1. Taking 8 Å as the Cα distance limit and 6 or more residues as the minimum spacing, I'd like the relative contact order of the chain as a percentage.
2. I need to check one value: relative contact order of segment 244-283, counting alpha carbon pairs closer than 8 Å and at least 6 residues apart, in percent.
3. Below 10 angstrom from the Cβ of I231, what's the summed charge of the other residues (Lys, Arg +1; Asp, Glu -1)?
4. What number comes out for accessible area per residue over segment 1-126 if the probe is 1.4 Å? Units Å², please.
5. Would you compute, from DSSP H runs of 4+ residues alone, the mean residue ellipticity of the chain at 222 nm, taking -39500 (n - 2.57) per run and dividing by the full residue count, rounded to the nearest 500?
6. Please state the shape class of segment 372-463: rounded when a/c is under 1.5, otherwise prolate if a/b exceeds b/c and oblate if not, all from the C-alpha gyration tensor.
7. Measure nothing but the geometry: give the 0 to 90° angle between the long axis through the Cα atoms of 403-412 and the longest principal axis through the Cα atoms of the chain, rounded to 10°.
8. Provide Rg over Rh for the chain; use the alpha carbon set for both Rg and the Kirkwood Rh (inverse mean inverse pair distance).
Amino acid sequence: MYPCPLKKIDDYRWKIEKTGAMKTEGLIFASEKMVPNICSDNAYQQVSNVASLPGIIGKSLAMPDIHWGYGFPIGGVGAFDLNNGIISPGGIGYDINCGVRLLRTNLSKKDIYKNIKNLIPALFTNIPSGVGSTGKLNLLPSEVKQVLEKGAKWAVEKGFGEKNDLKNTEENGTLEGANFVNVSQRAIERGREQLGTLGAGNHFLEVQEVVEIYDESFAKKFGLFLGQITIMIHTGSRGLGYQVCDDYIKVMLDAARKYGINLVDKQLACAPVLSDEGKRYFSAMASAANYAWANRQIITHWVRETFMKLLTKSPKELGLELVYDVAHNIGKFEDHSGKRIFIHRKGATRSFPNIPVLIPGTMGTASYVLVGTEQALKETFGSTCHGAGRQMSRTQALKGERGSELAKRLETEGITVQAKEWKTLAEESPNAYKDVNLVVEVCHNAGISKKIAKMKPLGVIKG
């Protein structure tokens, strides 16, 4: 382990002073209790590495769920100037537009509690999950290309949802600038059978109960109330997004050499934002982001279908409406302080005033709805945390708990779990993650997002 260079600014902010190749300071949001874990993980070194990239604006930022990632830390935020800054696949991640959406209902716990043992298996059957899982759709390559350009709009046009869903999705479910021409045939092929699938890893679909309201006004605005049943969907762009990232890392390594960009870590491979290579990567990344929004939209349709069939209630009676859908692995052009910039959010969520922020927990822990703030715009380019953040590798997690035993333990806590594989379940044990309550408290107390509601899981499906 390197000597940990974090210096306390206040109870929720720690800086890394500018040294060596760094062009700016690092700033990590964390409580004192979290610092030993951040130092032992060495992810702070990745915050310093990002600070060495050309054209970085402001500080190299990390949220309290920071942990080691590919090149950039997960929980990292890096903003870059358009004239001399860069775009990097490592700053967005392999699961492009991994994100979260939350559905509200008119139901309370008593309406579903007797049915939860049937509801979870029914959702598990209707929504394909697991490593490399393929769905109920098998698209032609030409249809995949339409998905890449239209995103969630394509899904709604095909009958998988309602126009109102698009209004409550970041970028209305379609990131401008997508161009399938810059997506490889291999990526398109991987996307043909995976639309409408949950995948594996930390992805999940959860039936939850709202157990705490912190701000009645915003809760009402978002359609949330105490005791309400909500459904959270956490997944991304599946194999297509992974392939896009993998394809462009090779391109970016060559580009970094071509443009004379000094990389302190090869995993920071990048190109100038407005170079030919940068533009091609952005258009491919935007395409994968659109695929992810279509994916979550189709899963939403199958959630509605399952609830209607099992509870024999009409859509109006169920009130299954989208609260919001937000990405937490994405790169975007945004305007901040009157200037157009390019921002990487990797394991970080957009935090704009009056707009919901969704923070998923793990199987045995709470999830949260927050709201973005003006403070976030001033300090983090409108960004906050994205989840609990891993504190244990999957290998370590497997040594600590068997999947079957974990499922039994969660059952005693009132959480019904169904998974494709016990191994995956053990890898995603709640013990493998930081305390999501502490992560959210840091963001709330630092003012970069504010707590609105807390949800507890009642049932979970995982790949």
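1. 23
2. Details: 28 pairs, mean separation 14.5, N = 40.
In percent, rounded to a whole number, it is 36.
3. +2
4. Numbers: 4690 Å² over 126 residues.
I get 37 Å² per residue for this part.
5. Numbers: 17 runs with 165 residues, N = 463.
Counting only the DSSP helices, I get -10500 deg cm²/dmol.
6. Values: a/c = 3.02, a/b = 2.07, b/c = 1.45.
Taking the square roots of the gyration eigenvalues as a ≥ b ≥ c, segment 372-463 is prolate.
7. Once rounded, one gets 60 degrees.
8. Rounded to two decimals, Rg/Rh equals 0.95.
The values are calculated or read from the model by the stated rules, or taken from the named source; none is laboratory data. Worth saying up front: this structure is predicted, and the values here are computed from it rather than measured. So basically every Cβ, Gly included, is an ideal-geometry build from the backbone, and we count neighbours across all protein chains shown. Heavy atoms of the whole protein, side chains included, go into the accessibility calculation; ligands, DNA and RNA do not. Shrake-Rupley method; radii C 1.70, N 1.55, O 1.52, S 1.80 Å.
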